[in-house]
Amino acid sequence: MSDPKVLIGVIGGSGLYHLNNLTLVKEVSPQTSLPSGTHVAFVARHGAHHTYLPSDVPSRANIAALKSIGVQAIVAFSAVGSLREEIRPGDFIIPGQIIDRTKGIRPASFFEGTRIVAHAMFGDPFDDPLRGVLQTLVKAALEKTGRDVRLHTDKTVVCMEGPQFSTRAESEMYRMWGGDIINMSVLPEAKLAREAELSYALIATATDYDSWRVSEEPVTVAEVIKTLTTNAETSRTVTETIIEELQAAILKADVVRSAKGSMQYSLISRRDYWPEEDRKKLEYILPEYFA
Ligand SMILES: CSC[C@H]1O[C@H](OP(=O)(O)O)[C@H](O)[C@@H]1O
Ligand SMILES: Nc1ncnc2[nH]cnc12
């Protein structure tokens with residue numbers, strides 16, 4: 001029997017190291033099957049035992065692995081701090097924008113180290129059609145849980161370097177910049193997914209109020225962990241609830257269409273100047289242009 005199509009990749013963040021009700025199909029390129037028969041690929045961002053610092057997450061390998069097994073849409077989960085009173089710990093957020101506060105120490109492009117130059121569009125850092133479908137499906141799935149979890153949409157996520165949390169002054173500054181939530185993980189993941197022409201959206205789960213509330217203690221890991229387990233459980237339930245409809249939307253091609261072909265006008269170096277070794281390297285991630 002030929003391998004079933006795996007169209008959806010799920011990236012689990014802090015607290016989300018596995019999904020429920022799955023039959024493990026393969027571990028090398030982890031593929032799992034839900035009771036419905038829908039296949040998903042699951043990657044634990046920090047490793048199954050949380051042993052990768054945010055700055056050390058092998059994002060290029062994770063995205064390349066998902067692309068290489070045929071994934072077309074990535075749903076990434078992330079634990080975030082809230083920079084807004086109305087986003088309460090326990091709430092879910094599907095952001096629309098990113099402010100990059102990483103420090104340039106993470107490999108952030110598949111073109112790094114090659115002599116082939118490309119500039120991906122990143123004005124809308126998440127895939128809008130995927131976000132749209134997720135907003136509807138996640139809202140309904142959360143309502144079904146009966147838990148008091150709100151879904152916030154069109155928010156801005158600040159991605160900081162870490163691993164230390166922000167100072168109070170930084171936390172306040174991010175609020176002034178228009179940041180709504182903060183994490184250490186959405187970049188370079190979202191940039192790499194764009195380069196690989198994969199649809200990518202983030203489901204963020206709030207764990208704390210970061211460090212901006214003057215009358216409260218600044219965020220600690222202990223505070224984060226208090227909400228993490230419940231958030232991870234809810235994330236598993238939501239994933240299980242939405243996966244079939246998400247797969248159907250992808251098969252109808254209305255979700256992944258905008259990502260496909262998006263690198264078409266991004267390659268700037270002329271083909272006759274591509275070093276063969278670099279072309280071969282990029283063929284793995286973008287066979288559409290480099291095969
Ligand atoms: C555990 S607190 C800080 C940690 O949590 C988030 O991880 P993830 O996005 O993978 O859920 C944040 O980005 C930091 O890496
Ligand atoms: N306050 C915070 N800052 C950065 N990343 C986080 N992940 C969870 N809470 C966070």
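The values are calculated or read from the model by the stated rules, or taken from the named source; none is laboratory data. Because the structure is predicted, anything quoted here is derived from the model rather than measured. In this analysis, Cβ positions are derived from the backbone assuming ideal geometry, glycine residues included, and neighbour counts consider all displayed protein chains. Keep in mind that these areas ignore ligands, DNA and RNA; they rest on the heavy atoms of the full protein, side chains included. Shrake-Rupley method; radii C 1.70, N 1.55, O 1.52, S 1.80 Å.
Taking a cut-off of 13 Å between Cα atoms, list the aspartates and glutamates near LYS226, but don't count ones fewer than 8 places away on the same chain.
The reachable aspartates and glutamates, counting only those whose Cα sits under 13 Å from LYS226, are ASP208.
I'd like the FRET efficiency for ILE225 and ASP278, computed as 1/(1 + (r/R0)^6) with the beta carbon distance as r and R0 of 51 Å, rounded to 0.05. Let's see the in-between values first.
Working: r = 43 Å, r/R0 = 0.85.
Efficiency, from the Cβ-Cβ distance: 0.70.
Once you put a point 7 Å from the Cα of ARG150 and another 7 Å from the Cα of THR136, both along the Cβ direction, what distance in nm separates them?
Going from the ARG150 label point to the THR136 one covers 2.4 nm.
Leaving out ligands, DNA and RNA, and with a 1.4 Å probe, what % of the accessible surface on segment 52-147 is carbon or sulfur? Please report the intermediate quantities before stating the final value.
Details: 2180 of 4070 Å².
Solvent-exposed carbon and sulfur of segment 52-147 make up 53 percent of the total.
Taking only DSSP H segments of four or more residues, each worth -39500 (n - 2.57), what value at 222 nm results for the chain once the sum is divided by all its residues, to the nearest 500 deg cm²/dmol?
Numbers: 7 runs with 93 residues, N = 291.
Mean residue ellipticity, 222 nm, calculated: -10000 deg cm²/dmol.
What whole-number value in Å² describes the accessible area per residue of segment 101-213 for a 1.4 Å probe? Don't skip to the answer; put the middle values down first.
Details: 4650 Å² over 113 residues.
Per residue, segment 101-213 has an accessible area of 41 Å².
How far is it, in nm, from the label point at ARG271 to the one at GLN97 when both lie 7 Å from their Cα along the line to the Cβ?
Once both label points are built, they end up 3.8 nm from each other.
What FRET efficiency comes out for the pair GLU288/GLU143, r = Cβ-Cβ distance, R0 = 25 Å, nearest 0.05? Provide the component values of the computation, followed by the final result.
Values: r = 39 Å, r/R0 = 1.56.
FRET efficiency, GLU288 to GLU143: 0.05.
What is the list of residues in segment 133-149 whose amide nitrogen lies under 15 Å from a point 7 angstrom out from the Cα of LYS252, following Cα to Cβ?
Counting only backbone N, you get 133-138.
Averaging sequence separations of C-alpha pairs under 8 Å and six or more residues apart, then dividing by the length of the chain, give the relative contact order as a whole percent. Numbers along the way, then the final one.
Values: 557 pairs, mean separation 76.8, N = 291.
Once normalised by length, the contact order is 26 percent.
Between their Cα atoms, which of LYS5/LYS67; LYS67/LYS280; LYS139/LYS260 are more than 22 Å away from each other? The partial results should precede the final answer.
Details: LYS5/LYS67 12 Å; LYS67/LYS280 16 Å; LYS139/LYS260 27 Å.
Listed pairs above 22 Å: LYS139/LYS260.
Provide the per residue accessible area, probe 1.4 Å, for segment 219-291, rounded to a whole number of square angstrom.
Result: 60 Å² per residue.
Which order, highest average first, do 229-240, 191-202, 166-177 follow once you tally other Cβ atoms within 10 Å for each residue and take the mean per peptide?
On the way: 229-240: 19.7, 191-202: 25.6, 166-177: 15.7.
Listed from highest to lowest mean packing, they are 191-202, 229-240, 166-177.
Students often forget the sequence filter, so: which lysines lie under 21 Å Cα-Cα from LYS103 once same-chain residues fewer than 8 apart are removed?
Partners found: LYS191.
Considering only DSSP beta bridges whose two residues both sit in the chain, what percent are antiparallel, to the nearest 5? Write out the running numbers ahead of the final one.
Numbers: 11 of 40 bridges.
So the antiparallel bridges in the chain amount to around 30 percent.
Can you give me the three principal axis dimensions of segment 8-289 from its C-alpha atoms, in Å, biggest first?
62, 46, 32
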